Every structure is written in C-alpha cells, then in structure tokens.
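**Q** Mind looking over this structure? Questions follow.
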Amino acid sequence: MDHFLARQRLLVIAPHADDETIGCGGLIARSKAAGGEVYVQVLTVGDLDHYDGKDHPVAGNTREKELEAAMELLGVDDWEILIKDSDLHLRLDHIPRRDLINLFERDSRLAIDNIRPTMIAIPAPSFNQDHEAVYKAALTACRPHLSTLKPFQRVVLVADSPQLAWNHTPFKPNWYVDISDCLDLKLEAFAKHESQQRPSPHMGGIDALRLLAEMRGREISVRAAEAFECLRFVV
C-alpha cells in the first residue's frame, strides 16, 4: 500500500473545515508518510451561530486558522478555501452546480487542471445540503473522459463520516486504508478544529471518530481503518 500511495497525487475535496480530517485524515497521513503528494480543497467557511442549545457563534476566520493548524500537522503539500462568504456558508445548494464544477475543474488555484491529481476523495451525499452539493459537483468533475483531453483521476473515492449513520443513502465501503499507525495523528488533527468539538457521545465528537475508525478496522481485522466507496480504480 505504501508503494502505491507513494506514487499518488491525492486531492481531497471537503465541504467544510474539519471534513477533510474526518473522512481522510488517515489517508492523508499515510500518503505523506509514504512520500506521496496531498492537496486539500475546502469549499466554504463562514461566520455561524451553531444550533446546539446555547449561544455558540464561530467566526469564519477562526475556522480558517483551525484548518491551517490541522493541515500543518498532517503535512499536506498545499490547501485552500474556495469560498469565504458567510451568506453562502451552509447554502452551497444555492450555487449553480456548474459554478461548483468549474471551481473543481479549472477556476481555483488547486483545481484539477492545475495539480492533475491521480487520486481524488470526495464527500458522501448526506442530509447536509453542502455535502450533497459538493458530492454532486465533484462527481461530475470526475466524470470519465479521454486523458489526452484533460487530467484523468485513476482513483475516485467517497469518504466515510460518523454522520452517515443518519442518511438517506446507505454507505457501503469497498476500499479500506489501514490507519492503525496514524489514528492518533488523525485524532490530533481533528482536535485542531477546536470550535467543532462536541462532548461524547455526540456523533460529531472525537470519541465518535475514534470509534468509527476502530469499527472500520474490525471490518478488515486491523486496529483502525478508514473506509471509502471506491467509484473508480484504474490500473
């Protein structure tokens, strides 16, 4: 696996800051340890008053600083936030899908045309409208085509998340990454997103993320794993 990851240029597309670590923190860590390249695109951060029974406002620049700390810890090659607009945060479903596709394909610094990833990880469709919008646009950006015409991603993965337990579409993983040796690093990176931490047994808490990794590990008889739905794997 390390030999495979060493040859990859991974692009992780995440709706919000923290989603990149929730779904792919272990894959990112293993890819970098193996010598591969990793790039992260986060679609949106913005000012938000969290709906959690108490006054909990979080500024968009706080989310950006937390993401920077997590990315530095994981050692990614580069990262960017595409939309810093509080009026669009959690409203990506109001942006025409074509506009999101263009951001992924060519209209951003880390666009597919610019970094030419060999592997791409996208969020799963879910009850969250931003995740749904990003999934649909990213799926289109990864559509099959001639590699002579535009960059072609030989591996396309859909990332897991504890929140997918409450979902309209069952998550059925068929591609696993053993993260036994980097689970602690993944959790440490997630903890950098301080404003997003929730107390146990909240499904958005760090305990839920650890338990998910351990459950996915049991599915392949290792201590911890990240699971993905593999949409394409070309050898």
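**Q** Give the residues of region 167-177 that are open to solvent by 60 Å² or more (accessible area, probe 1.4 Å) and either at pLDDT below 95 or part of a strand (DSSP E or B) (or both), sorted by residue number. Break it down stepwise before answering.
**A** Taking region 167-177 as the starting set, the residues that turn out to be open to solvent by 60 Å² or more (accessible area, probe 1.4 Å) are 168, 170, 172, 174, 176.
Correct list: H168, P170, Y176.
**Q** Also, I was wondering about something else. Being farther than 24 Å from R63 by Cα, modelled with pLDDT of 95 or more and buried (at least 16 other Cβ atoms within 10 Å of the Cβ) narrows it down to one residue among C182, C142; which is it? Show your work before the answer.
**A** On the way: C182 fails: farther than 24 Å from R63 by Cα.
Step by step, each of C182, C142 is checked, and only C142 is farther than 24 Å from R63 by Cα, modelled with pLDDT of 95 or more and buried (at least 16 other Cβ atoms within 10 Å of the Cβ).
**Q** Name the residues in region 90-105 that are within 28 Å of P170 (Cβ to Cβ) and either assigned to a loop (DSSP other than H, G, I, E, B) or polar (S, T, N, Q) (or both), would you?
**A** Just the residues of region 90-105 that are within 28 Å of P170 (Cβ to Cβ), to begin with: 90-95, 97, 100-101, 104.
Once the filter is applied, which keeps residues that are within 28 Å of P170 (Cβ to Cβ) and either assigned to a loop (DSSP other than H, G, I, E, B) or polar (S, T, N, Q) (or both), region 90-105 yields L90, R91, I95.
**Q** If you take the residues of region 224-235 that are out of contact with any Asp or Glu (no Cβ under 9 Å at 6 or more places or on another chain) and not in a strand (DSSP E or B), which of them is most open to solvent (accessible area, probe 1.4 Å)?
**A** Of all residues in region 224-235, those out of contact with any Asp or Glu (no Cβ under 9 Å at 6 or more places or on another chain) come to 230-235.
Next, only the ones that are not in a strand (DSSP E or B) stay: 234-235.
Numbers: V234: 52, V235: 147 Å².
Applying the filter and picking the extreme gives V235.
**Q** Contact list please: Cβ distance under 6 Å, first residue in region 211-223 and surrounded by 12 or more Cβ atoms within 10 Å (Cβ to Cβ), second residue hydrophobic (A, V, I, L, M, F, W, C) and outside any helix (DSSP H, G or I), pairs at least six apart or on different chains.
**A** A213/A224; E214/A224; R216/A225; R216/A227; G217/A224; G217/A225
**Q** Test each condition in (1) closer than 20 Å to K186 by Cα; (2) without any contact (Cβ under 8 Å) to a residue 40 or more places away in the chain for R98 and report the one that comes out false.
**A** Here R98 meets the rest and fails (1).
**Q** Follow-up question, since we're still on this one. When you look at A224, is it within 15 Å of the chain's Cα centre (by Cα) and of a type in the set (G, A, S), yes or no? Write out each step before concluding.
**A** Working: within 15 Å of the chain's Cα centre (by Cα): no; of a type in the set (G, A, S): yes.
It is false that A224 is within 15 Å of the chain's Cα centre (by Cα) and of a type in the set (G, A, S).
**Q** Looking at this structure, is T44 among the polar types (S, T, N, Q) and open to solvent by less than 20 Å² (accessible area, probe 1.4 Å)?
**A** On the way: among the polar types (S, T, N, Q): yes; open to solvent by less than 20 Å² (accessible area, probe 1.4 Å): yes.
Here the answer is yes, as T44 does meet what is asked.
A quick yes/no check of all residues on (1) closer than 19 Å to H16 by Cα; (2) assigned to a helix (DSSP H, G or I); (3) without any contact (Cβ under 8 Å) to a residue 12 or more places away in the chain:
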residue: D107; (1), (2), (3): yes, no, yes
residue: I120; (1), (2), (3): yes, no, no
residue: S126; (1), (2), (3): yes, no, no
residue: A138; (1), (2), (3): yes, yes, no
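**Q** Could you tell me whether region 17-36 includes any residue that is free of Cβ contacts under 8 Å to residues at least 40 places away in the same chain, more than 21 Å from P117 (Cα to Cα) and out of contact with any Pro (no Cβ under 7 Å at 6 or more places or on another chain)?
**A** Taking region 17-36 and keeping what is free of Cβ contacts under 8 Å to residues at least 40 places away in the same chain, we get 31, 34-36.
From what is left, the residues that are more than 21 Å from P117 (Cα to Cα) are none.
No - not one qualifying residue is present in region 17-36.
**Q** What number of residues in region 145-161 are over 18 Å from L10 (Cα atoms) and at pLDDT 95 or above? Full working, then the answer.
**A** From region 145-161, those over 18 Å from L10 (Cα atoms) are 145-146, 148-149, 161; that's our starting set.
Retained after the next criterion (residues that are at pLDDT 95 or above): 161.
Result for region 145-161: 1.
**Q** Also, I was wondering about something else. Could you go through region 149-160 and let me know if any residue there is without any contact (Cβ under 8 Å) to a residue 12 or more places away in the chain and open to solvent by less than 30 Å² (accessible area, probe 1.4 Å).
**A** No, every residue in region 149-160 fails to be without any contact (Cβ under 8 Å) to a residue 12 or more places away in the chain and open to solvent by less than 30 Å² (accessible area, probe 1.4 Å).
**Q** State all residues of region 109-118 that are in contact (Cβ under 8 Å) with a residue 12 or more places away in the chain and in a helix (DSSP H, G or I); if no residue qualifies, say none.
**A** Within region 109-118, I112, D113, I115 meet the criteria.
**Q** Cβ-Cβ below 7 Å, separation at least six or inter-chain, first residue in region 67-82 and at positive phi and open to solvent by 20 Å² or more (accessible area, probe 1.4 Å), second of a type in the set (D, E, K, R) and modelled with pLDDT of 95 or more: which pairs?
**A** Listed by first residue and then by second, the contacts come to G75/K32.
**Q** Is it true that R91 is basic (K, R) and in contact with a helix residue (DSSP H, G or I) (Cβ under 8 Å, 6 or more places away or on another chain)?
**A** Details: basic (K, R): yes; in contact with a helix residue (DSSP H, G or I) (Cβ under 8 Å, 6 or more places away or on another chain): yes.
Yes; evaluated as a whole, the condition is true for this residue.
The values are calculated or read from the model by the stated rules, or taken from the named source; none is laboratory data. If you're wondering where the values come from, they're calculated on a predicted model, not measured in any experiment. Because the Cβ atoms are built from the backbone with ideal geometry, glycine has one as well, and the counts that use them run over all protein chains shown. What goes into the accessible areas is simple: the full protein's heavy atoms, side chains included, and nothing from ligands, DNA or RNA. Shrake-Rupley method; radii C 1.70, N 1.55, O 1.52, S 1.80 Å.
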